[in-house]
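The values are calculated or read from the model by the stated rules, or taken from the named source; none is laboratory data. Everything quoted here is computed from the prediction, not taken from an experiment. Here the Cβ positions follow ideal geometry from the backbone for every residue, glycine too, while neighbour counts run over all protein chains shown. Side chains included, ligands, DNA and RNA excluded: accessible areas come from the protein's heavy atoms. Shrake-Rupley method; radii C 1.70, N 1.55, O 1.52, S 1.80 Å.
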Amino acid sequence: MSVRLYIRKDITEFLHYKLTTIPPYKGLDCMDLNKGSLFKYDIDKFYWILDILTNPKQNALKIKKDDYFALCSPILIDNLGKEYKIYLSYLINNSFIKCNNRYKDYKCLRYKIDIDNSIEFINYTTTVLSIPNNKPNLNKTPINIDVKEVLKKRNNNKIIEVVYEEKSKLYRKKIKTYKLELGRNRKYPSFLKTMSQYFRRNLKINYNEAIEYCNNYINTETEKLELKLINDKIDKKEFYKQIKKLPNRYTQRITSVKNLHFGKKNKSLKFNRNSSNKRVDTNLTFMAKDIRKFIVGIENMSYLDLSNSQPVLFNIILKNHYKNVSNELKEEIKRYYLITISGNWYEELCDIFKLNRNCNEDREIAKKNWMKIAYSKNKGYRTLKNIFKRYYPKINEFIETMKSNDHSQFAIKLQKTESEIFINEICKNLVENKIIPYSIHDGVLVPKQHLDLTYSIMSNILNKHLGSVPVISIDDKKKHHPTNTEETIMNQFEKHFST
């Protein structure tokens, strides 16, 4: 058995350089440097911290505002021991990571990777933006020559495999966690156990093609960003911001490919029912959407998911309060229901925020705006919320009331609603009908020959909970149910919300 991490080569090189030139001490006193002593560190523990922050999704960390992630002391002690503060302090003091230093706002401190501002050979300010003002000849590559040279000099398109030896505490910890997960899988309800066994036996990836795609990822995405900059789709500030994210996005993609391909050997296959939101977390749910096309047999599969999923499921919460709310809120709920069930919520937000509803990129912006409005603290993103408030004042007030004590609970409540419907009902029903799905939160990946039955099962179950059949996307194309007309939806609304 082996346990492997995949870390960017430039990060490991910089770590070794720092540890050699500025070794860590413990017990240092700034008034008397003789009091300190060299710290006998375990290099694997430095790797663990850097891996968990550069690969948050693979490590089941939830992203927070400004890319900070919570690392609570019990988790740190469990993995790093009681001297975890020395490891963290060293990485902070040498500009590998940042800490938000805000105990008052959270139950534990939050951290984020900050290495790209420290390594000298990753310098994005070197004439990257020397692009002429005139429109380019689109027959030629839009990549700026200076960007190409920067990319050639960078080592962050290389990954180092870090192997934990059997004597390592982190090796034992990883193996123990993996075995505990397998133990939980065996105790799942029969349908979920069937899904777990099917997942572990059958899910495979076209490794060479996926790795080649990942190795070209930074160049390809840089080219796209430069095109956007040239065509005034983004400004220089956003360009810099997105460019700096590319190395870690590359790492996350290549790690997800390796964790799946070498899953049995490295004990990195994951199928786990999340104790907080009850979702099923797997290598597939951790994988970026653009990598899914390399799944073996994907051409013979169809992906069905609920369009505008979280906004649609919010109707279930609204229905539970409908009888006791004001007439003004009832009218907003009726309008909201019609738009979300029709699959047009993000188009509606495009209109609200003066975006192009026919542009996929603008729809993504609208989607992100909704997430900021719905899931952030009430004090955050006030400009966005004030705009939204003009069109849906009572729903905005309702959301903020639900988030008044703990803003995270609103998202968790929606995720629990989603998992109850998609895991406990849709997936269970599919398995009972001899269709074993790959679950991806608000959607399922099934063989094409089972497409019609899967759609029927999803439609019936969603109709039961929502009073109407919402829009379901099939392979990224919206499918409107025959009952999905304004008149029918409004009739079904009156019937469903009156019960």
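Listed here are the residues, each with its yes/no results for (1) touching an Asp or Glu at 6+ places or on another chain (Cβ under 6 Å); (2) open to solvent by 20 Å² or more (accessible area, probe 1.4 Å); (3) without any contact (Cβ under 8 Å) to a residue 40 or more places away in the chain; (4) not aliphatic (A, V, I, L, M).
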{"residue": "S473", "(1), (2), (3), (4)": "yes, no, no, yes"}
{"residue": "K478", "(1), (2), (3), (4)": "no, yes, no, yes"}
{"residue": "E486", "(1), (2), (3), (4)": "no, yes, no, yes"}
{"residue": "T499", "(1), (2), (3), (4)": "no, yes, yes, yes"}
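Put simply, of E223, E209, E181 the only residue that is under 28 Å from I115 (Cβ atoms) and of a type in the set (D, E, K, R) is E223. Restricting S408, S439 to those that are under 30 Å from F69 (Cβ atoms), surrounded by fewer than 16 Cβ atoms within 10 Å (Cβ to Cβ) and among the hydroxyl-bearing types (S, T, Y) reduces the list to S408.
Among residues of the range 413-434 that are of a type in the set (A, V, I, L, M) and part of a helix (DSSP H, G or I), those with a Cβ under 7 angstrom from a residue that is modelled with pLDDT of 95 or more and open to solvent by 30 Å² or more (accessible area, probe 1.4 Å), sequence gap 6+ or separate chain, pair up as I421/H465; V431/T194. Of the residues making up the range 1-24, those that are surrounded by fewer than 19 Cβ atoms within 10 Å (Cβ to Cβ) and among the hydroxyl-bearing types (S, T, Y) are S2, Y17, T20, T21. Has the range 306-324 got at least one residue that is in a loop (DSSP other than H, G, I, E, B), at negative phi and at pLDDT 95 or above? So far as the range 306-324 goes, no, none of its residues is in a loop (DSSP other than H, G, I, E, B), at negative phi and at pLDDT 95 or above.
Each residue in the range 334-344 was checked for being outside any loop (DSSP other than H, G, I, E, B) and either within 16 Å of L462 (Cβ to Cβ) or within 29 Å of the chain's Cα centre (by Cα) (or both), and 6 pass. Could we say that I234 is part of a helix (DSSP H, G or I) and surrounded by 15 or more Cβ atoms within 10 Å (Cβ to Cβ) here? It is false that I234 is part of a helix (DSSP H, G or I) and surrounded by 15 or more Cβ atoms within 10 Å (Cβ to Cβ). Against the numbered list (1) touching a helix residue (DSSP H, G or I) at 6+ places or on another chain (Cβ under 8 Å); (2) crowded, with 20+ Cβ neighbours inside 10 Å, S307 comes up short only at (1). Taken over the range 291-304, the criterion of being under 17 Å from D442 (Cα atoms) and either in a helix (DSSP H, G or I) or open to solvent by 10 Å² or more (accessible area, probe 1.4 Å) (or both) is satisfied by R292, M301, Y303.
Any chance the range 394-407 includes a residue that's over 22 Å from C350 (Cα atoms) and part of a helix (DSSP H, G or I)? Yes - at least one qualifying residue is present in the range 394-407. Given the criteria open to solvent by less than 60 Å² (accessible area, probe 1.4 Å) and either in contact with a strand residue (DSSP E or B) (Cβ under 6 Å, 6 or more places away or on another chain) or not in a helix (DSSP H, G or I) (or both), does L260 qualify? So L260 passes the test.
A single entry from Y337, Y381 fulfils the requirement of being open to solvent by 40 Å² or more (accessible area, probe 1.4 Å) and of a type in the set (S, T, Y): Y381.
Residue-by-condition table, conditions (1) open to solvent by less than 40 Å² (accessible area, probe 1.4 Å); (2) modelled with pLDDT of 90 or more; (3) at negative phi:
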site	(1), (2), (3)
K204	no, yes, yes
Y213	no, yes, yes
T220	no, yes, yes
K245	no, no, yes
S256	yes, yes, yes
K267	no, no, no
F271	yes, yes, yes
D281	yes, yes, yes
